[in-house]
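I have placed the structure first, in the form of structure tokens, so that the comments after it can refer back to it.
Rule-based calculations on the coordinates, nothing more; no lab input. Since this is a predicted model, take the numbers as computed values, not measurements. Glycine gets a Cβ as well: all are built from the backbone with ideal geometry, and neighbour counts include every protein chain shown.
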Amino acid sequence: MLSGLLKNDIAIQVSINIMNAFVEMRKFILNNAQVFERLTNVEYKMLEHDKKFDEVFDELQRNKNEEFK
């Protein structure tokens with residue numbers, strides 16, 4: 001888009017470099033898709049464990065409060 005507006009060699013080269021950067025990013029994402037998927041799975045498991053820990057800590061706190069009543 002930049003090269004269409006400015007119509008000079010620098011603007012054209014910048015536009016080409018931007019497109020090349022997007023192509024390289026896409027290649028990187030495709031080549032590492034399995035790693036990203038595994039990372040996402042680890043994050044979901046961590047969230048599940050956090051919920052379970054919260055439940056355990058809440059129950060422990062509830063039991064502790066009942067002991068002091």
field: Rg/Rg_globular for the stretch 1-56, with Rg_globular taken as 2.2 N^0.38 Å and Rg from C-alpha atoms
entry: 2.07
- line: For 13-24, 54-65, ranked highest to lowest by mean beta-carbon neighbours within 10 Å, the order is 13-24, 54-65
field: Furthest towards positive pole of dipole, Asn8, Leu39, Asn20, structure part the chain, Cβ charges
entry: Asn8
query: Going by alpha carbons, how many degrees (0 to 90, nearest 10) lie between the helix axis of 9-31 and the longest principal axis of the chain?
result: 40 degrees
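Hey, what number do you get for the chain at 222 nm if only DSSP H runs of n ≥ 4 count, each worth -39500 (n - 2.57), divided across all residues, to the nearest 500? Working shown, then result.
Details: 3 runs with 63 residues, N = 69.
That calculation yields -31500 deg cm²/dmol at 222 nm.
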